[in-house]
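The values are calculated or read from the model by the stated rules, or taken from the named source; none is laboratory data. What you see is a predicted model; the values in this text were computed from it and never measured. Please note: Cβ atoms are built from the backbone with ideal geometry, for glycine as well, and neighbour counts cover all protein chains shown. Quick note on the areas: whole protein, heavy atoms, side chains included, nothing else; ligands and nucleic acids left out. Shrake-Rupley method; radii C 1.70, N 1.55, O 1.52, S 1.80 Å.
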Amino acid sequence: MVATPARAQTPSPALLVLEKEDQAVAIVDPTSLQIVARVVAGSDPHEICVSGDGRTGYISNYGAFSTPLHTLSVVDLVAQKPLPPVDLGALRAPHGLQEVEGKIYFTAEGTKAIGRYDPARAEVDWILGVGQNRTHMLVVARDLRQVFTSDVNSDAISILERDKDADVSGWNETRIPVGKGPEGFDVSPDGKELWAANSHDGTVSIVDLATRRVTQTLDVHTQRANRLKFTPDGRLVLVSDLGTGDLVVLDARARSETRRINLGHGAAGILITPDGSRAFVAVSRDNDVAVLDLATLSVTGRIATGRGPDGLAWATRSAPAPR
């Protein structure tokens, strides 16, 4: 077991690292790169997101490869303690997470659906069927009019869009065939493109969101692409490879590889800081997180973690609302 550090106050901002095999979340000072606390994260924790005020973490308890689970673990990041989990009922194998306007959106892979949890009302207040196979990750548009999902075993990206002329659900779905096994994906900062890393064929599919078509497929020679993220300025795209341990850096405009950096064994979760200066990449089989300077594209540090680091999140705390 990994020793739990003596607890210090949670910094703001803080880097959160899910340690899957230890079923814990590490709270990291991103300046010193030291772990200040660990909190129990529940069974099979895979992804984590943070409330808008930076005070609460939500963790998907997955279980899809054994017994599909149906909870979101909840962590008080200030008090550094677990809170009662959210029971999702029949919504099984939650995975991808995103917080938007105070609500937590999630994929329910075992139910072929997505859902939304409202912490203020302590209830799941919305569910939408996707009907695809292994709906794994999601991106929710900030205006709440679109939700994008990667459907790994359907070899597709789904675009779910609000439409006043839709059926009673109020949503239309467009299925876009891409490469084999799309998992990690992201929408460009200008909202014009979606890039999907295909984990089973070593490619990245570029989708034009106006035409809803794949306009280009890049062979990036990955063995098992895991996550894909744009930098905030839209200039670079980072792709992690679980198979080789590489981080592939792509030039978004040139559609070409800029750098390939071997980080070790099992490159997985990626987090890019809001100012675009650094990227943190979980190196799951080496039990550390690599720190990448995005100006020089060089590794400048490592964070020693517990076993199986994967999902990452950034927590910037705001002042509590006045009573």
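Just a few scattered comments:
- The portion of the accessible surface of the chain made up by carbon and sulfur, rounded to a whole percent, is 48 (1.4 Å probe; DNA, RNA and ligands excluded).
- Between region 173-251 and region 70-140, the C-alpha centres lie 24 angstrom from each other.
- For Leu236, nonlocal amide neighbours, meaning residues 5 or more places apart or on other chains whose placed amide H falls under 5 Å from its own, are Thr231, Ala252.
- Stokes-Einstein D (µm²/s) once Rh is taken as the Kirkwood radius of the chain over alpha-carbon pairs, at 20 °C in 1.002 mPa s: 109 µm²/s
- Cα-Cα over 31 Å, subset of Lys20/Lys192; Lys112/Lys192; Lys112/Lys164; Lys81/Lys180: Lys20/Lys192; Lys81/Lys180
- With contacts taken as Cα pairs under 8 Å and at least 6 residues apart, the chain reaches a relative contact order of 13 percent.
- Loop-located GluC sites (Glu not before Pro) in region 48-142 (DSSP state other than H, G, I, E, B) with a sparse environment of at most 12 neighbouring Cβ atoms within 10 Å: Glu101.
- Separation in nanometres of the label points that stand 7 Å from Cα toward Cβ, at Leu83 and Thr316: 2.1 nm
- Estimated dipole of the chain in Debye, rounded to 20 [Cβ of Lys and Arg +1, of Asp and Glu -1, Cα centre]: 320 debye
- Using θ = phi - 60° and Karplus 6.51 cos²θ - 1.76 cosθ + 1.60, couplings along region 175-183 (whole Hz; Gly, Pro as x): 9, 10, x, 10, x, 8, x, x, 10
- Selected from Gln98, Gln80, Gln146 as most flexible by GNM, with the chain as the system and alpha-carbon contacts under 10 Å: Gln146
- Mean Cβ count within 10 Å, highest first, over the residues of peptides 166-177, 86-97: 86-97, 166-177
- Residue-span extension gain [Thr211 to Thr31] - 0.36 nm each, minus C-alpha spacing: 60.5 nm
- Rounded to whole numbers, the Karplus 3J(HN,Hα) couplings from phi for region 305-310 are 10, x, 7, x, x, 8 Hz, using 6.51 cos²θ - 1.76 cosθ + 1.60 with θ = phi - 60°, and x at Gly and Pro.
- Label-zone membership for region 177-216, site Asp233, 7 angstrom Cα→C-beta point, backbone N under 16 Å: 189-190
- Size of electric dipole in region 107-156: Cβ of Lys, Arg +1 and of Asp, Glu -1, about Cα centre, debye, nearest 20: 60 debye
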